[in-house]
1. Can you sort Glu46, Glu41 by solvent-accessible area, 1.4 Å probe, largest first?
2. Give me the lysines in straight-line cross-link reach of Lys58: C-alpha distance below 24 Å, same-chain residues under 8 apart excluded.
3. Give me the net charge for the shell around Ser97: Cβ to Cβ below 14 angstrom, other residues only, Lys and Arg +1, Asp and Glu -1.
4. Mind listing the phi-derived Karplus ³J(HN,Hα) values for region 27-43, rounded to whole Hz, using 6.51, -1.76 and 1.60 with θ = phi - 60°, and x for any glycine or proline?
5. Quick one: grab Rg to one decimal and Dmax as a whole number for the chain, Cα atoms only, in Å.
6. Please give the net charge around Ala60, taking every other residue with its beta carbon less than 12 angstrom from that of Ala60, where Lys and Arg add +1 and Asp and Glu add -1.
7. Where does each of 12-20, 65-73 land if you order them by average Cβ count within 10 Å, highest first?
8. Return the calculated 222 nm mean residue ellipticity for the chain, to the nearest 500 deg cm²/dmol, obtained by summing -39500 (n - 2.57) across DSSP H runs with n ≥ 4 and dividing by the residue count.
Amino acid sequence: MFAELAEEMLDTLVSGGAKYGDVRIVEAQWQSITVSGEKIEEVRMEETLGFGVRALVKGAWGFAASDVMTNDAARKTALRAISIARSSASVPSSHPSHFIPA
């Protein structure tokens, strides 16, 4: 499932004209215990799942994230990152981002 989502986002970045892009899928789990004096007030276990995508377009970065784990959401989120990068590129900058070939 995660590989399919990542592929969807990366394909969208390439077809959308990004010079560079990356995808991070994050699953986090944590527990917390609230104590008052010697009494346990609350025990919580939480879990989150989501992804973020970065796009470099015309020397500017765009970032977007979602917690909806579907191919459609992956594509739309990648398109949002591209759109944000394009908007950022329209603002004059004396330091555009670029990568130097290894």
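1. Glu41, Glu46
2. Lys19, Lys76
3. In short, +3.
4. Per-residue couplings from phi come out as 10, 10, 10, 8, 10, 9, 10, 9, 10, 10, x, 10, 9, 6, 8, 7, 10 Hz.
5. Here Rg and the maximum Cα pair distance are 18.7, 60 Å.
6. Local net charge: +4.
7. Averaged packing, sorted descending, gives the order 12-20, 65-73.
8. -11000 deg cm²/dmol
The values are calculated or read from the model by the stated rules, or taken from the named source; none is laboratory data. As the structure is a prediction and not an experimental result, all values here were calculated from the model. No Cβ is skipped: glycine too gets one built from the backbone with ideal geometry, and neighbour counts run over all protein chains shown. To get the accessible areas, we keep the full protein, side chains included, count just its heavy atoms, and leave off ligands, DNA and RNA. Shrake-Rupley method; radii C 1.70, N 1.55, O 1.52, S 1.80 Å.
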